[in-house]
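The values are calculated or read from the model by the stated rules, or taken from the named source; none is laboratory data. Computed from a predicted model, the values in this text were never measured in an experiment. Quick reminder, even Gly has a Cβ in these numbers, built from the backbone with ideal geometry, and neighbours come from all protein chains shown.
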C-alpha cells in the first residue's frame, strides 16, 4: 500500500510538472510576447529557423515566444518543454489553458475566457499553424469528408479566434481586439480555416469531391496539377521521391492587401506551398478575400476588414525548404527531381520573404500592452 501511494505521488508530481503556466509566473513585463498555438517541437524549430535566417525579423532581446496550448490536446508538450530546456532556449516558454470546452460552448464566455484574456493582455500577437481537419459540428454541419483526429485542439483554437475577433455565432459578444485593434492575428493553412470557422464561416470538406466531383486519387489527378492542393500521385504510384504537397500558383483579388500591405504587382502569380484538401466556403464575419487558386474556385488568403493586422493564407510560407535547397522531390511520375527552393525560383522566394516581412512589421507596429 505504501509503495502504491509513493508511485501515485510520483506520477502526480511528474505529470503536474509538464503543465506550464508562464503568464501566471513573475514574468518579465518589459518584454514583448508573441503567442504560438500548438507549440510542438516542430513548431519551435520552425520559428527558430525563421528567426535565425532573418526571415521572421524580431529583436531577440525584446521579443519572446510563448507556446499556448490546451490541456486536452493529444500532443505531448512535455517534449517541447524538454527541447526548450535541453537546448537552453531563453526566448521560448509554455503556457497551458485548462477548462471545459466542447462543441456547445465555444462561441460565448466559457471556462477558458479569463485565461485567454490574460494571454491576450500580455502579448502583441498570435500565430495559428497547420494541422488536421476541423470537426464540422463546430460550424454546424455533419461530417461527410473530414478526418477528425484532434478535436480538443480545434475547440481551443476556434474559441480563441472567436474571443479575439468575434463572429456571426454571437454578435453581442465584444471581441478582445475591440480594445486593442492593432493586435496581430495570423495563420497558415488550418490557421486560416480556423480564423474563418471561429468567426462564423463554413468549410468545403473535400475539394476534389465537392468542387471537381473527383472521388478517387485517379479522378483527382485528372483535374490537372494546377487544381490540386496536395499531391495525389503518391496514392497511385510508389516512389519515395513524391512530395506530399503541391507548388501551384495563386492570383490576387482586387483587395489591396497584396499590392499595398505587401508590395507586389497585382498581375503576379507567385507559386506557393500547398498541402490541404479543405477550403473556405462561406466567409466568417469581417473577412475579405485577398487571393485565389488559379481557377478562382479556392480561397487562398483572407484579411479582416476592421483590424489591420489580422490576415491569413491557405498556403505554407513557414516551410524552411522554400528558402534553401534541401531534398530533391517530384510531383508527377515523369518529373525531374528538384528542390522546393529551385522550383519556386528567386522571384517567388522573394514573395514569401516579403510576406514574412509584413508579418514582422505588423508585430513591430503593435504597441506594448498596458499592464496593471
Please verify whether region 75-85 includes one or more residues that are closer than 24 Å to residue 26 by Cβ, part of a loop (DSSP other than H, G, I, E, B), in contact with a strand residue (DSSP E or B) (Cβ under 7 Å, 6 or more places away or on another chain) and touching a residue at least 12 places away in the same chain (Cβ under 8 Å). yes
Lone unmet requirement of (1) touching a strand residue (DSSP E or B) at 6+ places or on another chain (Cβ under 8 Å); (2) part of a loop (DSSP other than H, G, I, E, B); (3) at pLDDT 95 or above; (4) closer than 23 Å to residue 64 by Cα for residue 269: (4)
Yes or no: region 38-57 includes at least one residue that is within 20 Å of residue 112 (Cα to Cα) and touching a helix residue (DSSP H, G or I) at 6+ places or on another chain (Cβ under 8 Å). yes
Checking residue 211 against (1) touching a strand residue (DSSP E or B) at 6+ places or on another chain (Cβ under 9 Å); (2) surrounded by fewer than 22 Cβ atoms within 10 Å (Cβ to Cβ); (3) within 21 Å of residue 37 (Cβ to Cβ), only one condition comes out false. Which one? (3)
Within region 275-302, residues surrounded by fewer than 22 Cβ atoms within 10 Å (Cβ to Cβ) and outside any loop (DSSP other than H, G, I, E, B) come out as 288, 289, 292
Sort out for me the helices (runs of 4 or more DSSP H) sitting completely within region 173-259 that have 3 or more residues that are touching a helix residue (DSSP H, G or I) at 6+ places or on another chain (Cβ under 8 Å) and free of Cβ contacts under 8 Å to residues at least 24 places away in the same chain. 217-221
Could you list all residues from region 246-261 that are within 11 Å of residue 343 (Cβ to Cβ) and either surrounded by 22 or more Cβ atoms within 10 Å (Cβ to Cβ) or over 19 Å from the mean Cα position of the chain (by Cα) (or both)? 246, 248
So how many residues does region 320-372 have that are under 30 Å from residue 118 (Cβ atoms) and assigned to a loop (DSSP other than H, G, I, E, B)? 7
Unique match (being in contact with a strand residue (DSSP E or B) (Cβ under 9 Å, 6 or more places away or on another chain), under 23 Å from residue 178 (Cβ atoms) and in contact (Cβ under 8 Å) with a residue 12 or more places away in the chain) among 287, 322, 344: 287
